[in-house]
Structure formats: structure tokens, C-alpha cells
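Right, one structure below, let's go through it.
The values are calculated or read from the model by the stated rules, or taken from the named source; none is laboratory data. Keep in mind it's a predicted model, so treat the numbers as computed, not measured. Here the Cβ positions follow ideal geometry from the backbone for every residue, glycine too, while neighbour counts run over all protein chains shown. The accessibility values were calculated without ligands, DNA or RNA, using every heavy atom of the protein model including side chains. Shrake-Rupley method; radii C 1.70, N 1.55, O 1.52, S 1.80 Å.
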Amino acid sequence: MRAGGRAKKWLWRWRANPLRRKDDVLEAWLVLAVWALISVGGTLAGVFTARAAYDVFAQQRAERTPVQAVLLTDAPRAAATSYRALVKVRWTLSDGSTHTGMTLVDGGRKAGSTIVLWTDTQGDPTTQPPSRTDAAVEAGFLGAASALALTGVAFGAGGAARWWLDRRRIDQWGRQWDLVGPRWGHKTS
């Protein structure tokens, strides 16, 4: 088949054709809109989500600071090597104010030992912010997930609309057959 013939086959719903119905043209525009939404909308959703996530991670890196904290109680030792215990700690901020609070530390640490504690802008304990590399990877995954989510919604909505159009065409064929069928004469059964 020639390249021009293939293009005609793909675009048959837009060509002038006595058998073309309004539903065929509507379906062609629907498919075009769904693919445009998937390609353009999915790309934009992915890029914007990834950028927003990366900006949030950058803000966390800017706002959170590490401080030295002293354990005030012993952390119980457990059989599991990955055991973490909740213990009371004391830390001093850069402005000289002293704070106490609870945080998780590896099991088996003794009172008086020091750990690195991450604090937020108010001086409260928080989690360590992701590194630039971890933030970029996580932002990429979040962007890909949002692009896939939009793609799935668009594809599902387009499929539902095409299913509705198919049901409508089948009903129209049934009504037309009820009008034409009896004119064909006797039946075989």
C-alpha cells in the first residue's frame, strides 16, 4: 500500500463518504482529543509535578539544619540490628537556646552520647531532608506517576465515550434493520 493510501485509511472518518455518519466524525475528533491530551497534558502534568516536588525538597533542604544532640536516657538494646528506640535528647540551637525532646536512635546507645539531629525553622526535631540526588529521583518518579495518572484517566474516559458511541451505533443499526428487514421477503425459519 502506498503511503498516501495509508493516510487515507487512517483519516477515513474525515473524508467525504456517503456511509460516514456523524458518530464517526465525533469518534475521530474524540480519539484526536484523547491522544492530544495524553501527549501534551501528560507531559505538562509530569513536568509541573516533578518541578513542584523538587522545589519542595529544595525548600526542606534550606529550612532544616543539623545540630548536635546529647542523649539523656539510654536506648535499650534489642536482638534485631535495625532496632530503633525513642529516647529523650537535648540540643542547643545556633541562637543559644536549649531544647529537649524525643527522637528515634539506634538501639544500644548510652546516655551522654551525641547524635546528629535535624531541626526545622522553629528548632523542633524533624526528618533529614533528601539529598539533591534523592530529591531529583523522587521528583522524577512523582512526575512520571502524575503523567501516567492523567494518561490513564484520559484513556479511560476516551474508552468510555467510544463504548457509548458504539452502543449508540448498534441501537441505530437495530432500528434501521427493523425498518428494512421485513421488506426483504420471507424468512428462512
Separation in nanometres of the label points that stand 7 Å from Cα toward Cβ, at Asp95 and Phe141:
3.6
Multiply the residue separation of Val56 and Ala111 by 0.36 nm, subtract the distance between their alpha-carbon atoms, and state the gained length in nm to one decimal.
16.3 nm
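Return one whole number: the accessible area per residue of the chain in Å², for a 1.4 Å probe. Could the numbers behind the result be given before it?
Numbers: 13460 Å² over 189 residues.
Solvent-accessible surface per residue comes out at 71 Å².
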What full-extension length gain, to one decimal in nm, is calculated for Val67 and Leu179 as 0.36 nm per residue of separation minus the Cα-Cα distance?
31.8 nm
Once label points are set 7 Å from the Cα along Cα→Cβ at both Asp134 and Arg21, what is their separation, rounded to one decimal in nm?
5.8
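When the accessible area of the chain is split by element with a 1.4 Å probe, what percent falls to carbon and sulfur?
Working: 8290 of 13460 Å².
C and S fraction of accessible area: 62 percent.
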